[in-house]
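Structure record follows, encoded as structure tokens.
The values are calculated or read from the model by the stated rules, or taken from the named source; none is laboratory data. Quick caveat, the model's predicted, so the values are computed rather than measured. All Cβ positions, even for glycine, are placed from backbone atoms using ideal geometry, and neighbour counts span all protein chains on display. Areas reflect the complete protein model, heavy atoms only, side chains present, ligands, DNA and RNA absent. Shrake-Rupley method; radii C 1.70, N 1.55, O 1.52, S 1.80 Å.
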Amino acid sequence: GMEEPSSDLGQPSNIARYEQWRKQKAIRPPPPPPPLAKEPAEATTNSGPAQEQPGKDAKAVSKAAINLARRNTAQQHAATQTFPMPLHQNAVTGEMVAEGAKFPSKLAFQSTLASFHEKINRRIFVMRSDLTNFTAICKCKSGCGFGISAGVQEKGRGGWRVSKSNPHSLSCTGLPTDANAHALTSSMVAPVMYDVYRADPKKTSWKTVQTLIGPYLASTPEQRFCVTVLEKAKEHVNGDPDNNIKLVPPLVQSLLDCGHYAEVTTIGPDEMRVIMAANAQSNYDLAVKAAKKLAEVQAKKGSKESVAMPVRSDFEPNYAELKEDGEYFEAWFFAPSPSIKQMRGGMLLNVCTMDAGHDKSRGDYGTFYASYTYDSNSQLVLLLAMHCLHIESIRAWEMFCSRLRYIYNFEWTDHESEDEGEGEGGGGGEDDTQVHPHRIDSDEKVMIVDDHAAIAAMFAGDHAEFESLRRALCMDHRKDHAGTRGGSAGNYRTMCCATTYDSFWSTFEKSEPQFQNFVDEEDLDAQFRFIMMTKNGVSMHGRTCSSGSESMMGANLMRGIRELGYDPYRGLYKLVLEELRRFEERRAASRKQWRGQPPNQQLVVMPESVRKYFEEMENKPDYLIMRSASKMGSSSSGPVGAVRVTCTGSSGRVQGTSTVVTYLDQPKCECGIPQVDLKVCKHQHFAAKKLRVPVEELLQEFDTVRHWRAQYADRIGDFRLPGTASLDGSGVRLLRALSGPVKSGAPSRKRNVFANRAARDALKNRHAAS
């Protein structure tokens with residue numbers, strides 16, 4: 001019969017061995033942290049989880065309900081705008097710009113074309129527009145054949161002639177044009193000019209504005225209007241942040257109208273005063289420290305000249321700038337609508353990451369928080385972003401995590417109930433409550449985070465926002481601590497990457513007591529993917545750190561948010577543009593038919609990242625030492641099950657010839673990778689090639705091209721951008737924060753250098769005066 005090798009994965013003895021070691025060493029777990037006082041809930045101005053916060057009075061709850069109703073109404077209105085009224089035959093051909101039509105100028109041609117599309121409620125997409133040629137098409141998903149081309153009829157005379165003109169199809173579902181195209185305001189048109197002006201300010205004139213926005217208007221815009229649009233663009237690109245901050249609420253409302261999640265929160269003048277006073281005290285304490293340090297240096301030099309201590313009044317902030325009735329910016333939030341739909345459909349990986357990125361000198365202008373997960377091509381998908389005035393603290397992470405839980409803890413709809421049945425575990429429970437299977441606060445999902453006390457408070461204790469979401473510590477952060485406090489960063493990395501009993505427990509048992517005590521400070525299933533899969537049956541798919549989220553965090557910071565951190569409006573708008581670009585690129589990649597595949601394959605059979613994973617695997621030395629693969633069992637016919645793979649040479653501690661038993665009919669191998677990571681290991685891949693079994697049959701559903709394309713299918717919808725939304729900030733009372741976040745912890749190098757320089761300059765000035 002078939003040989004069945006034993007497997008240590010999943011046996012209770014693994015955990016029991018560790019518990020026995022703890023009893024022998026008599027190591028006591030660290031005492032629980034002292035209870036923290038509940039901080040006051042932050043104020044909110046838009047929709048969000050404000051209605052879930054305890055302690056709200058009836059008036060606040062009523063206001064939150066009204067905001068939520070307004071948001072839902074806006075989303076329903078935006079959804080209806082995506083599907084314009086169907087076209088009629090006479091509307092398509094009756095007033096279409098005919099082929100061969102002549103116009104005295106390009107502006108006359110563009111005005112006629114724009115007027116026609118305004119009447120049929122369709123939008124054209126300009127592909128080319130210069131001094132001699134103009135081309136436009138329809139980019140709707142129905143495959144509409146609309147296309148028009150025109151050009152200069154005779155050089156020097158300026159006359160234009162339409163060389164090609166195809167009407168819209170009756171099934172055209174193109175985006176509708178603005179119903180009030182003839183009454184567009186300068187604030188509505190200004191976003192079109194942002195990138196153009198930023199790229200080349202010197203060559204951007206009012207005539208450039210006229211050329212760009214001409215196709216979208218019923219008539220040629222006047223010079224005065226174009227000059228106003230250009231001034232608006234200059235104001236947004238190089239403008240005063242105190243003026244731009246008033247555009248944040250209109251931008252948030254525009255994002256809500258497009259189906260995204262967005263919110264802005266504020267603080268009052270009393271809290272702003274507290275922040276200003278705390279920063280002043282922090283700067284004063286640092287100046288005193290620098291002065292004392294300089295006095296010690298002077299004493300060692302034998303100098304009798306005394307160092308003057310700083311005066312507290314010199315650091316007093318200007319409280320006269322505070323407006324008693326003002327609302328000051330605290331944070332904005334943004335979650336793309338495609339990400340929400342992908343998560344609701346269970347299309348994203350169950351592993352997420354959460355991290356914070358600091359602007360400049362450890363958050364002089366705030367801190368950027370973000371949470372990401374992965375698609376089938378290992379591309380990061382943004383779940384939620386927040387730019388907040390506060391640095392990492394329980395309050396800041398509570399603001400972020402409460403929104404994350406509010407957005408992605410879905411409720412069942414009638415349609416989902418019919419399709420999915422009763423939900424998880426029959427969906428029962430008290431009052432027949434159904435639990436959505438793809439919510440983020442689930443015991444089947446993992447969040448990789450930094451080993452930070454404020455983050456840990458979100459998973460356990462009085463501040464816990466997540467009850468079931470599993471916390472996994474980032475290997476990179478934890479490994480550095482293992483080197484300094486545990487004495488061996490290498491051993492910790494080996495245990496993090498282990499997928500078998502021997503490689504994991506042998507490393508732990510052979511390590512020094514100092515390292516063992518360090519490992520025992522945290523739960524094993526929060527540190528090691530092997531233990532999490534063994535104990536809880538949850539796979540992390542080979543991911544042990546938040547490096548992907550950190551790299552994306554750096555990209556967001558460097559591409560605009562860091563340089564625009566003092567301007568929340570431009571920071572949010574830049575992030576939305578970047579996420580739009582990433583979404584469109586990934587959707588286009590998932591729909592390609594040729595993507596680095598061999599010429600004999602005419603369809604993409606796996607995502608690009610999976611193909612590269614196999615390609616890199618085949619070139620590694622431990623793959624090249626495998627020599628043969630044969631079926632195990634008495635019969636050579638029938639489906640392939642267990643396979644014996646023979647390896648020669650040396651691989652690690654194995655010398656000479658060795659064998660590994662793997663399976664092609666289930667995710668199982670003696671190396672442990674298929675069980676722990678749910679990935680195809682090198683032994684399975686080699687055996688499939690030798691026995692001529694398609695490697696695609698070994699893939700998990702998440703790693704297939706079918707799942708990849710479903711993540712960006714039409715039902716997910718487009719990433720809508722509020723490009724022509726009204727960004728009029730008149731009447732908005734929002735003000736920019738007068739002070740950055742309160743500093744905590746050790747001062748940054750930049751602040752230390754500045755304080756030391758100020759102390760030396762004061763000593764020089766005093767010496768010069770005497």
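Only residues that are of a type outside the set (S, T, N, Q) and at pLDDT below 75 were counted in region 210-230, giving 6.
Have a look at 305, 327, 316 and point out the one that is modelled with pLDDT of 85 or more, open to solvent by 10 Å² or more (accessible area, probe 1.4 Å), under 30 Å from residue 756 (Cβ atoms) and acidic (Asp, Glu). Show your work before the answer.
Values: 305 fails: modelled with pLDDT of 85 or more; 327 fails: under 30 Å from residue 756 (Cβ atoms).
On inspection, the qualifying residue turns out to be 316.
Within the bounds of region 309-331, is there any residue that is aromatic (Phe, Trp, Tyr) and closer than 22 Å to residue 409 by Cα? Let's see the steps before the verdict.
Of the residues in region 309-331, the ones aromatic (Phe, Trp, Tyr) are 315, 319, 328-329.
Narrowing further to those that are closer than 22 Å to residue 409 by Cα: none.
No: zero hits.
Kindly indicate whether any position in region 315-338 is within 30 Å of residue 704 (Cβ to Cβ) and in a helix (DSSP H, G or I). Break it down into steps so the answer makes sense when it comes.
Filtering region 315-338 down to residues within 30 Å of residue 704 (Cβ to Cβ) leaves 335-338.
Still in the list and also in a helix (DSSP H, G or I): 337-338.
Yes, there is a match, as at least one residue in region 315-338 is within 30 Å of residue 704 (Cβ to Cβ) and in a helix (DSSP H, G or I).
Counting the residues of region 456-469 that are under 17 Å from residue 521 (Cα atoms) and crowded, with 16+ Cβ neighbours inside 10 Å gives 3.
Hey, among 280, 295, which residue is among the aliphatic types (A, V, I, L, M), open to solvent by 20 Å² or more (accessible area, probe 1.4 Å), at pLDDT 85 or above and in contact with a Ser or Thr (Cβ under 9 Å, 6 or more places away or on another chain)? Don't jump to the end; show me each part of the working.
Working: 280 fails: open to solvent by 20 Å² or more (accessible area, probe 1.4 Å).
Just one listed residue meets the conditions, 295.
Taken over region 478-499, residues that are farther than 14 Å from residue 531 by Cα, of a type in the set (Ser, Thr, Tyr) and either modelled with pLDDT of 90 or more or within 29 Å of the chain's Cα centre (by Cα) (or both) amount to 0. Number of residues in region 280-309 that are free of Cβ contacts under 8 Å to residues at least 60 places away in the same chain, in a loop (DSSP other than H, G, I, E, B) and not aliphatic (A, V, I, L, M) equals 4. In region 352-367, the condition of being in contact with a Phe, Trp or Tyr (Cβ under 7 Å, 6 or more places away or on another chain), more than 30 Å from residue 436 (Cβ to Cβ) and outside any strand (DSSP E or B) is met by at least one residue. Scanning region 249-278 for residues that are in contact with a helix residue (DSSP H, G or I) (Cβ under 9 Å, 6 or more places away or on another chain) and either over 26 Å from residue 384 (Cα atoms) or part of a helix (DSSP H, G or I) (or both) gives 250, 251, 252, 253, 255, 256, 257, 273, 276, 277. Taken together, 676, 660, 680 contain a single residue that is at pLDDT 85 or above, out of contact with any Cys (no Cβ under 6 Å at 6 or more places or on another chain), open to solvent by less than 50 Å² (accessible area, probe 1.4 Å) and in a loop (DSSP other than H, G, I, E, B), which is 680. Only one entry of 466, 515, 504 meets the criterion of being of a type in the set (A, V, I, L, M, F, W, C), more than 28 Å from residue 680 (Cβ to Cβ) and part of a helix (DSSP H, G or I), and that entry is 515. Candidates in region 503-518 are the residues that are under 35 Å from the mean Cα position of the chain (by Cα) and under 23 Å from residue 671 (Cβ atoms); of these, the one that is modelled with the lowest pLDDT is 503.
Just one of (1) at pLDDT 85 or above; (2) open to solvent by 20 Å² or more (accessible area, probe 1.4 Å); (3) touching a Gly at 6+ places or on another chain (Cβ under 8 Å) fails for residue 270. It is (3). The strands (runs of 3 or more DSSP E) located wholly in region 119-209 that include 2 or more residues which are open to solvent by 70 Å² or more (accessible area, probe 1.4 Å) and modelled with pLDDT of 85 or more occupy 160-166.
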